[in-house]
Amino acid sequence: MKGQMCWLAGFGSATKILHVRDAAHQPWKPYTASVHRVPDLQIPRASKGWTTYQKLYRAGWTLVPTAEAYSTTIIQTSEPTAVSV
């Protein structure tokens, strides 16, 4: 199986960006943290990750519905989170 893609909102934002994972058992990560990333279009209000989505879709990756992605896994962020004890 090729990887999976999904449009998910970032933490603290309602704007959705492309998230990817190479296998279904892996957590979602923003496309910006992926080795498959393609530079974004320099067009105002263009979707973040659109060019990466097009490349991966043509390569046979699967688009997962947002609701399904939220119900089955936790999103991995590139930023560490602080835990207070």
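Each value in this text was obtained by applying a stated rule to the coordinates, not by laboratory testing. What you are looking at is a predicted structure, and each value in this text was computed from that prediction instead of being measured. Every residue, glycine as well, gets a Cβ built from its backbone with ideal geometry; the counts of neighbours run over all protein chains shown.
Scanning region 63-76 for residues that are in a helix (DSSP H, G or I) and within 13 Å of the chain's Cα centre (by Cα) yields THR66, ALA69, TYR70. Residues that are touching a residue at least 40 places away in the same chain (Cβ under 8 Å) and aromatic (Phe, Trp, Tyr) within region 1-45 comprise TRP7, PHE11, TRP28, listed in sequence order. From the set of residues in region 38-62 that are within 10 Å of the chain's Cα centre (by Cα) and not in a helix (DSSP H, G or I), which is surrounded by the most Cβ atoms within 10 Å (Cβ to Cβ)? The qualifying residue surrounded by the most Cβ atoms within 10 Å (Cβ to Cβ) is GLY49. Search region 1-33 for residues being touching a Leu at 6+ places or on another chain (Cβ under 9 Å) and assigned to a loop (DSSP other than H, G, I, E, B), and hand back the single one that is farthest from ALA69 (Cα to Cα). Across region 1-33, the extreme among qualifying residues is LYS2.
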